[in-house]
């Protein structure tokens, strides 16, 4: 997560956040993108944290055509982005999202850092590496 990537724009990495240690695969994790990392000290203990924006799973299982889960940005009841703070120990890094493209061409002025604002749904790419393939069952 950094405010400027190669002088072109924001870069917020996506991660898996463990939300249910008893459930396996995607049923026990949610996807989020990291807005920033920070830590604070409380009574001599340092707590490393991340500010994240949640994604919601679309459906109860992977997409039938691609075999990949589909997620969309999560919003609260006031229609604001669902943002929270989590301890970094709950993060399993490197979720790779692919926008679900429509039929229209993407204008050339759209840059990669616009994706989370432009697209409404994303595939969770389980084919990016063997770790993602194993955990996104």
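The values are calculated or read from the model by the stated rules, or taken from the named source; none is laboratory data. Here the structure is a predicted model, which means the values were calculated and not measured. Positions of Cβ are backbone-derived with ideal geometry, glycine not excepted, and every protein chain shown enters the neighbour counts.
Checking each residue in the range 96-112 for being surrounded by 15 or more Cβ atoms within 10 Å (Cβ to Cβ) and over 16 Å from residue 15 (Cα atoms) picks out only 100. Scanning the range 28-43 for residues that are outside any strand (DSSP E or B) and surrounded by 13 or more Cβ atoms within 10 Å (Cβ to Cβ) gives a single hit, 28.
Quick one: is residue 42 free of Cβ contacts under 8 Å to residues at least 12 places away in the same chain and farther than 26 Å from residue 126 by Cβ? Here the answer is yes, as residue 42 does meet what is asked. The one condition from (1) surrounded by 11 or more Cβ atoms within 10 Å (Cβ to Cβ); (2) free of Cβ contacts under 8 Å to residues at least 60 places away in the same chain; (3) touching a helix residue (DSSP H, G or I) at 6+ places or on another chain (Cβ under 7 Å) that residue 25 does not meet is (2).
The set of residues from the range 3-22 being modelled with pLDDT under 90, assigned to a strand (DSSP E or B) and surrounded by 12 or more Cβ atoms within 10 Å (Cβ to Cβ) comprises 5, 9, 10, 11. Scanning the range 96-126 for residues that are in contact with a strand residue (DSSP E or B) (Cβ under 7 Å, 6 or more places away or on another chain) and free of Cβ contacts under 8 Å to residues at least 60 places away in the same chain, which turns out nearest to residue 73 (Cα to Cα)? Applying the filter and picking the extreme gives 120. Annotation: residue 46 fulfils all but one of (1) surrounded by fewer than 15 Cβ atoms within 10 Å (Cβ to Cβ); (2) in a loop (DSSP other than H, G, I, E, B); the unmet one is (2).
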